[in-house]
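Notes for the one structure printed next.
The values are calculated or read from the model by the stated rules, or taken from the named source; none is laboratory data. Just so we're clear, the structure is a prediction, and the values are computed from it rather than from any experiment. Glycine also receives a Cβ, built like all others from the backbone with ideal geometry; neighbour counts cover every protein chain displayed. Surface areas here come from the heavy atoms of the whole protein model, side chains and all, with no ligands, DNA or RNA. Shrake-Rupley method; radii C 1.70, N 1.55, O 1.52, S 1.80 Å.
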Amino acid sequence: MAAIESFSLLRNCAVTTRVFSNVRVSPRATSSFNSIKFLHPNHSQRSLFCTNATHDEEASAKAAAASADSGAPTIFDKIINKEIPSSIVYEDEKVLAFRDINPQAPVHVLVIPKARDGLTHLGKAEARHGEVLGQLFYAAKIVAEREGILDGFRVVINNGPDACQSVYHLHLHVLGGRQMKWPPG
């Protein structure tokens with residue numbers, strides 16, 4: 001049973017992070033998973049890294065959620081106030097778009113409302129937020145246009161700890177510049 005659980009963990013890690021380039025089952029394979037051969041030479045170290053990275057991301061998201069509604073300034077508030085430098089891609093009176101410091105695609109830009117107004121995550125949206133929500137999506141389109149990815153890009157919103165939201169200031173991730181895969185998560 002432990003071998004099956006280990007294999008499932010490794011397989012899931014391989015699929016989600018593309019750590020393993022290929023998996024091959026030995027021709028002599030029986031019903032045992034002991035005969036699986038990983039073609040990547042460092043599979044055990046990489047699978048450990050994948051597991052730890054996923055756990056760290058989940059732990060960070062849970063920690064961030066604990067203080068989500070505290071009203072304390074977020075890192076995004078500090079970027080809006082120019083206390084922290086950023087690479088701004090687009091700005092208007094309502095939204096700011098800047099490059100992510102840990103890009104997950106060749107183009108990875110965050111689009112945020114300048115005034116949080118209770119929008120710590122999309123789950124907190126109310127009818128009164130309709131205008132700024134529309135402006136966020138319009139800004140995402142402008143970013144895609146400016147970055148040359150208008151023919152293919154993805155907009156992602158992480159909502160809450162189960163989605164690994166780590167900053168509780170509503171933000172859109174605009175991702176592109178490479179072939180996107182499905183399912184995304």
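Filtered by the rule that a residue be over 20 Å from the mean Cα position of the chain (by Cα) and in a loop (DSSP other than H, G, I, E, B), the range 81-115 gives 81, 82, 83, 84, 85, 92, 93, 94, 114, 115.
Restricting attention to the range 136-147, the residues that are touching a residue at least 24 places away in the same chain (Cβ under 8 Å) and either closer than 20 Å to residue 102 by Cα or open to solvent by 40 Å² or more (accessible area, probe 1.4 Å) (or both) add up to 6. Within the range 83-102, residues that are within 11 Å of residue 143 (Cβ to Cβ) and open to solvent by less than 70 Å² (accessible area, probe 1.4 Å) reach partners that are of a type in the set (D, E, K, R) and part of a strand (DSSP E or B) with beta carbons closer than 8 Å, at six or more positions or on different chains, in the pairs 89/99; 97/91. Scanning the range 104-126 turns up at least one residue that is in contact with a strand residue (DSSP E or B) (Cβ under 7 Å, 6 or more places away or on another chain), open to solvent by 40 Å² or more (accessible area, probe 1.4 Å) and within 21 Å of residue 163 (Cβ to Cβ).
The C-beta contact set for the range 105-132 (first residue under 22 Å from residue 66 (Cα atoms), second residue among the polar types (S, T, N, Q) and assigned to a loop (DSSP other than H, G, I, E, B), distance under 8 angstrom, 6+ apart or interchain) comprises 116/74; 121/158; 121/159; 121/165; 122/159; 123/159.
Of all residues in the range 55-80, which are under 16 Å from residue 113 (Cβ atoms) and part of a helix (DSSP H, G or I)? Passing the criteria: 75, 76, 77, 78, 79, 80.
Among the residues making up the range 152-183, those that are within 14 Å of residue 106 (Cβ to Cβ) and in a loop (DSSP other than H, G, I, E, B) are 152, 177, 178, 179, 180. Applying the criterion of being under 21 Å from residue 109 (Cβ atoms) and aliphatic (A, V, I, L, M) to the residues of the range 64-80, the residue that is surrounded by the most Cβ atoms within 10 Å (Cβ to Cβ) is 80. Residues in the range 51-63 that are surrounded by 15 or more Cβ atoms within 10 Å (Cβ to Cβ) and at pLDDT below 80: 54 alone.
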